[in-house]
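Everything on this sheet refers to the single structure shown next.
The values are calculated or read from the model by the stated rules, or taken from the named source; none is laboratory data. Please read these numbers as outputs of a predicted model, since none were measured by experiment. Positions of Cβ are generated from backbone atoms using ideal geometry, with glycine treated the same way; all protein chains shown enter the neighbour counts.
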2 protein chains.
Amino acid sequence: MTESHRAGPLFTDLYELTMAASYFAHEVFDTATFSLFIRDVYVTRNYFVAAGLEQVLNELAGFQFSDQDIRYLQSISRFSKHFLDYLRQLHFTGEVNAMPEGTVFFANEPVMEVTAPIVEAQLIETFVLNTIGFQTMIASKAARCFHAAAGRPLIDFSLRRTQGKDAGIKVARSTFIAGFAATSNVLAGKIYGIPISGTMAHSYVSAFDNERDAFFAYADTFPDHSIFLIDTYDSFEGARHAAAVAKEMQKRGHTLIGVRLDSGDMVSLSRKVRKIFDAAGLSDVKIFASSGFDEFKITKVISEGAVIDAFGVGTKVGVSADAPFVDIVYKMVWFKGRDVRKLSPGKVTLAGEKQVFRTSDRNGCYSEDIIGQRDEIIAEGQPLLEKVMENGRLLYPHPQLNMLQERFKENFAALDDGYKSIQDHKAYPVKLSTRLQNLQKESK
Amino acid sequence: MTESHRAGPLFTDLYELTMAASYFAHEVFDTATFSLFIRDVYVTRNYFVAAGLEQVLNELAGFQFSDQDIRYLQSISRFSKHFLDYLRQLHFTGEVNAMPEGTVFFANEPVMEVTAPIVEAQLIETFVLNTIGFQTMIASKAARCFHAAAGRPLIDFSLRRTQGKDAGIKVARSTFIAGFAATSNVLAGKIYGIPISGTMAHSYVSAFDNERDAFFAYADTFPDHSIFLIDTYDSFEGARHAAAVAKEMQKRGHTLIGVRLDSGDMVSLSRKVRKIFDAAGLSDVKIFASSGFDEFKITKVISEGAVIDAFGVGTKVGVSADAPFVDIVYKMVWFKGRDVRKLSPGKVTLAGEKQVFRTSDRNGCYSEDIIGQRDEIIAEGQPLLEKVMENGRLLYPHPQLNMLQERFKENFAALDDGYKSIQDHKAYPVKLSTRLQNLQKESK
């Protein structure tokens, strides 16, 4: 299955086009390098998980203004015919170095660098920031849940509350990269092959004369895929109804997969419901829980003794509610053969094309990262950015999504648990190489 | 220009399809009514602004499973051939009553009601919640900025930080409905005809040998559309460079529109920059400000005496940072000819098909809303929900976007300023009609 259609070059802030027009008029076609990094961390995010590269590379590989786009730009009477003719034939011809998706990284580290004629590098800025910023934010939030759930499967339930259609699809993708097991989002299942999962809503239970009838009807349709929602009227009564139907299912050679709790005190409810099923000889019936879960609530209910087998995680993760944006920026660091940086108050940028080198201890546990110049050799560190596009062409096919999840799991396992606290800030050591430090003194 | 492509029926949670399959298997084809409303308000949102209806109606009018959709559903081996054949021919045949976009409304009021065979009403749930929830959330946040700016134009600058591609487009649309003047988002300009606006980035200034050269080059390309960004090196120095270039532009018969401040103390900076331009005889040059603005920062800088003519509003509004989701729900209120409601703890729903009646005082100022039954007549109140779709067909063409902005402005002007506080909670009076109250006692 394929990704949904491209955004196209008009997915941009107008100033990218006005700057391009001015560069064109003054024949500024020199090559520039822009560096993408997360600048500030305004809530506890001790680490990030890279995501969104595939969508960026697809957009760059297919970058082209349509006739309709050009007609629209003509209609606003701001651009010369010469410039519009230039846009009409424009493609992305640059180079991209990037951390593969699923890589764990830290604030101030370049997650991607783009080297291209300045007009091309500039026109893609808005899309790059939007795409990698959003997916990385969600993958990072999801990784915190993955840690909190301590091995229990997580299912993305956020589609109804994500910020728009594209967000819904990309949340399913990003949470899967960061270790989620499945999504309720059918379209994401179709596009990305992510396992899909679903139960029933309260309206289903209400649509039958009583709860038992509803459960029987559902079990009849899905004898081997049933999860009953038991809190439409009363969760204990619901559990007893579910147990009775499960016994009937057993007689017919089928198994109730589980029940879902969606309201109330998850700790006491889950324990009592577990007892009801165990007493009925139904210890295989799993308890799924949904209702405002995020890393904080997952941690809380587990620590208080909830007996929950899997979590449906929705809104708060799908919009990254405690941190609904990341301060990700795309800054020019090299132009016309010289290293450049920006000095606006509070917004200093490191000059130069870069590489991030990660060092590990003898157990394979990460010890520190060194940001160096791209052409440096730092023998003890593993370089994290890879050249993925050259002359506007993809150098490799995109990895499968489950490979990205594998990379995340490997990276995450090598990160010391101290950095995985959901409450406490602990800065992972990221330093600059001597060469990069010296370069900052020389650059303007 | 046209709206981007439809999401399609797979933009749904899996349980909508499993419930549909079970309804189909048990021949439950009865008509149901679902009511869409915002349940809880977890931060100060004294009012909401309805948005997103056009996208919902377009989706319903074109609701159809593609062959590819059906093949995907087949591939997950959960659904019968009969059910898939049924889906293949399914269209939306229902009725929709809704508040027009731009209407100011309040928590617990139905903003839309859908009446359709239960399978159809259920399958569209996820899309309806996502679309109206998100656009309404953003329009409501934008209205708070519109109030705070007290007549100064607002420009949407959020595209790079919105949660995905669709969010970027819909933020431009929703903020425009709620009174914004323009957007930096070129694609939204193309799709919706929203005025687009743009200046330059720091990288543009850095790309020239010095700031004056950069300003001259830009003015040369856009002699009548230039806004200079003056904080790349030093805002005062930048203002003096901009003033010098503006004087040169004057000699050639052109006018500098303005300058943009993007960092630092907006109050003192704007005052000093204003003085620099006034002293140079350039009192027409406007001061634009961007940098983390939302309703709170706009209110603060204005109250502290900033001299700012227009605000570029970005991230915090584009993701509704203080309230990045709304607790919007879609609940069955009528089925098989009877009124129904849900009784889960903390999640009670009002039974019955409804109408919202708005009463005003003699000055046209809103006094209170009465939620009644849909067929009630409450002479003193204006009914807010209109029938917009019948038998799956649109009853009217969609209104132009500027008409929606007009409706918002009219509605907003009739709302007492007390409810417009950005800090203090003040509940607008919303009561239930006697008939609706009695109905709650009778319904299960």
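Structure above, values below:
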item	result
Meets criteria (at positive phi, at the interface with chain B (Cβ under 10 Å from one of its Cβ atoms), surrounded by fewer than 20 Cβ atoms within 10 Å (Cβ to Cβ) and in contact with a Leu (Cβ under 9 Å, 6 or more places away or on another chain)) for A:Gly193	yes
Residue satisfying condition, being surrounded by 23 or more Cβ atoms within 10 Å (Cβ to Cβ) and out of contact with any strand residue (DSSP E or B) (no Cβ under 9 Å at 6 or more places or on another chain), within set A:Thr232, A:Thr255, A:Thr299, A:Thr221	A:Thr232
Residue that is modelled with the lowest pLDDT, among those in the range A:322-375 that are among the small types (Gly, Ala, Ser) and surrounded by fewer than 17 Cβ atoms within 10 Å (Cβ to Cβ)	A:Gly346
Checklist (1) modelled with pLDDT under 95; (2) on the phi > 0 side of the Ramachandran plot applied to A:Gly253, failing item	(1)
A:Thr162 within 7 Å of chain B (Cβ to nearest Cβ) and under 14 Å from the mean Cα position of the chain (by Cα)	yes
Qualifying residue in the range B:243-264 (condition: within 13 Å of another protein chain (Cβ to nearest Cβ) and more than 21 Å from B:Ala182 (Cα to Cα))	yes
Flag for B:Asn46 being closer than 29 Å to A:Gly292 by Cβ and either not aromatic (Phe, Trp, Tyr) or not assigned by TED's automatic domain parsing to the domain that holds B:Ser421 (or both)	yes
Lone unmet requirement of (1) farther than 21 Å from B:Val333 by Cα; (2) modelled with pLDDT of 95 or more; (3) out of contact with any Lys or Arg (no Cβ under 7 Å at 6 or more places or on another chain); (4) not hydrophobic (A, V, I, L, M, F, W, C) for B:Glu27	(1)
Number of the condition not met by A:Phe37 [criteria: (1) under 28 Å from B:Asp322 (Cβ atoms); (2) surrounded by fewer than 24 Cβ atoms within 10 Å (Cβ to Cβ)]	(2)
All strands (runs of 3 or more DSSP E) inside the range B:276-379 with 1 or more residues being in the same structural domain as B:Val128 (by TED's automatic domain parsing) and farther than 20 Å from B:Arg260 by Cα	B:327-335, B:354-360, B:366-373
Residues (more than 13 Å from chain B (Cβ to nearest Cβ) and over 21 Å from A:Leu401 (Cβ atoms)) located in the range A:121-151	A:Ala148, A:Ala150
Test for B:Lys286: is it farther than 20 Å from B:Phe176 by Cα, among the basic types (Lys, Arg), more than 9 Å from chain A (Cβ to nearest Cβ) and crowded, with 23+ Cβ neighbours inside 10 Å	no
Candidate set: the range B:112-127, residues that are of a type outside the set (Asp, Glu) and in a helix (DSSP H, G or I); chosen: the one surrounded by the most Cβ atoms within 10 Å (Cβ to Cβ)	B:Thr126
Which listed residue is within 7 Å of chain B (Cβ to nearest Cβ), hydrophobic (A, V, I, L, M, F, W, C) and in contact (Cβ under 8 Å) with a residue 40 or more places away in the chain, from A:Ala217, A:Ala181, A:Ala167	A:Ala167
Residue in the range B:275-283 that is within 28 Å of the chain's Cα centre (by Cα) and crowded, with 18+ Cβ neighbours inside 10 Å present	no
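Conditions tested, residue by residue: (1) surrounded by fewer than 24 Cβ atoms within 10 Å (Cβ to Cβ); (2) not hydrophobic (A, V, I, L, M, F, W, C).
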{"residue": "B:Tyr86", "(1), (2)": "yes, yes"}
{"residue": "B:Gly102", "(1), (2)": "no, yes"}
{"residue": "B:Ala107", "(1), (2)": "yes, no"}
{"residue": "B:Leu129", "(1), (2)": "yes, no"}
{"residue": "B:Ala139", "(1), (2)": "no, no"}
{"residue": "B:Arg144", "(1), (2)": "no, yes"}
